Amino acid sequence: MRITTIICGGLLTGIAGSAMACDLPKLAVIPAKDQIAGKEAEVRVAANAYFVGMQAYTACLQAELVGAGGESAPAVVKAVLVSRNNVAVREAEFMMKLFTENVGPADSVPVGAAPTR
């Protein structure tokens, strides 16, 4: 039992250490549609930084998965990294929808994040 605890603890520490290398970007504040007037440029800059950061974050998670062995990575490592990637993509999709609804077309904002697995 003790050896199992040590192995699991080491594995989870490794996962946390790896995932901590990937920095989740700060959310952009996107005001309500009726409060956006005069703030469009500022919101576009913040949203752009968020989307670029989210692309870097998901790329980092995917690189971590490759570094852990890709499809051959330990199941728990693969599950954690894929889950984090998928949650990040859903968040970015929601933020893009909110941006488009409240600010307008995202001409200068990168569209989408890395693909889900």
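Only one of the listed residues (A79, A19) is at pLDDT 95 or above and of a type outside the set (K, R). That residue is A79. Name, by its number, the condition in (1) surrounded by 11 or more Cβ atoms within 10 Å (Cβ to Cβ); (2) over 16 Å from D107 (Cβ atoms) that does not hold for A32. Every listed condition holds for A32 apart from (1).
The single condition from (1) surrounded by fewer than 13 Cβ atoms within 10 Å (Cβ to Cβ); (2) in contact (Cβ under 8 Å) with a residue 12 or more places away in the chain that L24 fails is (1). From the list A46, A63, A59, the one residue that fits, being surrounded by 14 or more Cβ atoms within 10 Å (Cβ to Cβ), over 15 Å from M96 (Cβ atoms) and either in contact (Cβ under 8 Å) with a residue 12 or more places away in the chain or touching a Ser or Thr at 6+ places or on another chain (Cβ under 8 Å) (or both), is A59.
The values are calculated or read from the model by the stated rules, or taken from the named source; none is laboratory data. Everything numeric in this text was worked out from a predicted model, so none of it was measured. When we count neighbours, we look across all protein chains shown, and the Cβ atoms used for this are built from the backbone with ideal geometry, even at glycine.
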